[in-house]
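Data block below; observations after.
What follows draws every value from the coordinates through simple rules; no lab data is involved. None of these values were measured; they are calculated from a predicted model. A quick note on method: Cβ atoms are made from the backbone with ideal geometry, for glycine too, and the neighbour counts reach across all protein chains shown.
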Amino acid sequence: MAMTDQAPDQTEAPKVSDEVAIDIRNMNKWYGAFHVLRDIDLTVYRGERIVICGPSGSGKSTLIRCINALEEHQKGTIEVDGTTLSSDIKNIDKIRSEVGMVFQHFNLFPHLSILENCTLAPIWVRKTPKREAEETAMHFLEKVKIPEQADKYPGQLSGGQQQRVAIARSLCMRPRIMLFDEPTSALDPEMISEVLDTMIGLAEEGMTMLCVTHEMGFARKVANRVIFMDAGQIVEQNEPEEFFGNPQSDRTKLFLSQILGH
Amino acid sequence: MTTSAPRSPAFVRHEPLPPQAPPVAETGMIKWVRENLFSSIPNGILTVAAIWAIYSLLSVLLPWIFNGVWSAESVRDCNEQLAGASGGCFAAIGATWRQMVFGIYPNDIYWRPVTAFVLLGVAFAPVLFQNVPRKLLYFTLLYPFVAYWLVWGGSLLVPVTALLGVVLGYVVYSRLVEQSFAMGFFGGIVSALVFWWLSGFVVGEETNVLALSQVETRNIGGFMLNMILGVVCVSLSLPLGIVLALGRQSSMPIIKWICVVFIEFVRGVPLITLLFVANVVLAYFLPPGTNFDLILRVIIMITMFAGAYIAEVIRGGLAALPRGQYEAADSLGLDYAQAMRLIILPQALKISIPGIVNVAVGLFKDTTLVSVISMFDLVGIIRGPILSSTEWSGVYWEVFGFAALLFFIVCYGISQYSQWLERQLATDRQ
């Protein structure tokens, strides 16, 4: 994985195709009586890197968790890779195996070694032979630069290393879309960059990515679209240059001044 | 104006100081005694009181043990030999241990339960220890049928058809489970039942094929009966408990409520009541003429009882797992059965080990309750035939002490194993 020190120019960035990867239409979700997501319309094209930001409680995590059905939406449609999400469990499992997810708290399996964490899903879901799954796992562990930890257990690794393993674990399923739910929020400051570097490398390879994050530097560097959410709605979306340089809504301006102000 | 601090004199050590022996009061026995036994006045008083209590206990117990009579014809003979001195009549153990261990099992075929017991160790080895060859698990699967044949005897056809029924049920299950779990589950059970029903006609005729002499259930007793009940019920109640615990967490309301009602009902009823039900009441519900073995009925009741408790222990383990583990398993595309088997249960069971062992040890000791429904288990045989015999009436301490020792050895072994297992599985520690 070519992880260059400099940010790639926009012109060098991988091409976004006009093939639709995720299509969300008029999606609504309630927690009991609380309306968390309101009329979400979002089309993600293959190869897009989208950063979703917004104040806490704005529904940004819920939005990406709806995409792989970790949360159930009540109204509207979500189409992933041409498959419409329904409550059919086979359908859900199919979408989940195509969509990788990285969590805030890593959620590695503590009773399995790093290598077993990475090979488990390919072996059981994809029915990959063990040998082949291990080769794939080592390939991705090398990509996230921790092949030497393969035989350790998650508890023996630092937070940054655990999160990189979590990314490798998702990649082992060869997903076409990656979802990141605040991947750096639970990390010590000095470990954030190692995880972001991994994500940048992934973006450069043309992975379709949706990232919920507050790392605005990352958003400027790799995103080709930034989405700002508040109170369960998409308030503003734009290219990063425009979004940071020339925000339109007052809510966005306030948010940006709060997180960039110091 | 500033006052300069007094200048510290320069110092260089050229010869390192050799280590010296610590003062006597800081080492060995004296230090330990002072710190642990007499660190304060109340502590000192407690120490003296404890020493006095231990002394008065041992001053009775030790003479009783060392004066004990090891060979005597009867309790009267014992008393004559002791001539008024304090001492145990351990001859009773020597004279009755066969009864206590085997009940009224025929003397000449003790080798059969003993073989079954030895094979039990072989069958459990691959389950309990990871480094035992995995191939032995096949023997573990065969063991219940072998053990049944050895202990109860009869034609080899009985356990073989039972085994074939299980195999058939499993084959049907694995064929149908691709389509739906429920179909596989019920298809497997039904095909096994049909097979057993049909083979009943054949086996009923051929009672002499490779037959061992048959032993009636009422002749099976003593510690052997406790072991049979304990091993069978623990082995069965663990899977039952897992199923109940998962069922209680199910999102399907009917399954959830069946499990909740079952668990709460069984936990709310004393075991002894369930045993009475097994002994007396169940017979009214069965069609007349069915020979439904009493041990089987008791096993069902104890298993249900222990299963409900284990289910609650495992539920605690499941609840202790962070939600993220479920979500991570889901997000990788694992289906429910895979997520449970590979991710959730290994962790939940590990957390539950102390609780499960607690239930298992309790259950093993509770098997002595069957003496109340007049089965001659270890306690039953002591209270009944042994203590009411003319030779050994009144030797409570000696024989009950022996019974306690047998139970203690097994329970302490289980407890030690579980602690060892916890250490083996401690991978998530830093």
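For the options A:VAL235, A:VAL222, A:VAL125, a Gaussian network treatment of chain A with springs between C-alpha atoms closer than 10 Å singles out A:VAL125 as fluctuating the most. By the count of neighbouring beta-carbon atoms within 10 Å, fewest first, B:ILE93, B:ILE381 end up ordered B:ILE93, B:ILE381. Peptides A:246-258, B:146-158 ranked from most to least packed, by the mean per-residue count of other Cβ atoms within 10 Å: B:146-158, A:246-258. Would segment B:28-165 count as rounded, prolate or oblate if I go by the C-alpha gyration tensor, calling it rounded below 1.5 in a/c and otherwise prolate when a/b exceeds b/c, oblate otherwise? Because a/c hits 1.5 or more and a/b fails to exceed b/c, segment B:28-165 counts as oblate.
Computed per residue of the protein assembly as shown from DSSP H runs no shorter than four, each worth -39500 (n - 2.57), the mean residue ellipticity at 222 nm is -17500 deg cm²/dmol. Counted by neighbouring Cβ atoms within 10 Å, the residues A:LEU115, A:LEU70 run from fewest to most as A:LEU115, A:LEU70. What separates the Cα centres of segment A:15-77 and segment A:133-205 is a distance of 24 Å. Measuring nothing but how far apart in sequence close Cα pairs (under 8 Å, 6+ apart) lie, relative to its length, chain B scores a relative contact order of 16 percent. Of the cross-linked pairs B:LYS135/B:LYS350; A:LYS60/A:LYS253; A:LYS130/A:LYS152, those separated by over 20 Å at the C-alpha level are B:LYS135/B:LYS350. Shape class for the protein assembly as shown: oblate, because the ratio a/c of the largest to smallest gyration tensor axis (alpha-carbon atoms, square roots of eigenvalues) is 1.5 or more and b/c is at least a/b.
Angle of helix A:250-260 to the longest C-alpha principal axis of chain A, folded into 0 to 90 degrees and rounded to 10: 40°.
What helices in chain B pass both tests, a Cα length along the helix axis of 27 Å or more and a mean Kyte hydropathy of 1.6 or higher, using whole DSSP H runs? Passing helices, by number: B:41-66, B:157-176, B:222-248, B:294-320. Within the listed set A:SER185, A:SER56, A:SER170, the residue fluctuating most in the Gaussian network model of chain A (springs between alpha-carbon atoms under 10 angstrom) is A:SER56. Sort B:SER388, B:SER371 so the one with the fewest other Cβ atoms within 10 Å of its own Cβ comes first. Fewest to most other Cβ atoms nearby, the residues stand as B:SER388, B:SER371. Tell me whether segment A:51-159 comes out rounded, prolate or oblate; compute the Cα gyration tensor, take square roots of the eigenvalues as a ≥ b ≥ c, and use a/c under 1.5 as the rounded threshold. The shape class here is oblate. Using a Gaussian network model on chain B with a 10 Å cutoff between Cα atoms, which of B:ALA403, B:ALA192, B:ALA360 fluctuates the most? Sorting by GNM fluctuation, first place goes to B:ALA192.
Ordering A:ALA121, A:CYS172, A:HIS105 by the projection of their Cα atoms onto the charge dipole of chain A, which places +1 on the Cβ of Lys and Arg and -1 on the Cβ of Asp and Glu, puts A:ALA121 at the extreme positive end. Dipole size of chain B about its Cα centre, with +1 on Lys/Arg Cβ and -1 on Asp/Glu Cβ: approximately 1060 debye, rounded to the nearest 20. Taking the alpha-carbon centroid of each part, what is the distance from segment B:179-252 to segment B:289-324 in angstrom? Going from one Cα centre to the other spans 14 Å. When segment B:21-171 is described by a simple charge dipole with +1 on each Lys and Arg Cβ and -1 on each Asp and Glu Cβ, the residue from B:ASN79, B:ILE54, B:PRO23 located farthest towards its positive end is B:PRO23.
Split chain B at each of the GluC sites (Glu not before Pro) in a DSSP loop with at most 13 other beta carbon atoms within 10 Å, and the longest piece is B:217-430. Of the GluC sites (Glu not before Pro) found in segment A:114-223, those that fall in a DSSP loop while having at most 14 other beta-carbon atoms within 10 Å are A:GLU205.
Shielding of peptide A:91-102 by partners, expressed as the average count of other chain Cβ atoms within 10 Å per residue Cβ, is 3. Given +1 at the Cβ of Lys and Arg, -1 at the Cβ of Asp and Glu and no other charges, the dipole of segment B:211-347 around its Cα centre is 160 debye to the nearest 20.
The spacing between segment B:141-178 and segment A:207-249, judged by their C-alpha centroids, is 63 Å.
Under a model in which nothing but the beta-carbon of Lys, Arg (+1) and Asp, Glu (-1) is charged, the protein assembly as shown shows a dipole of about 1060 debye around its Cα centre.
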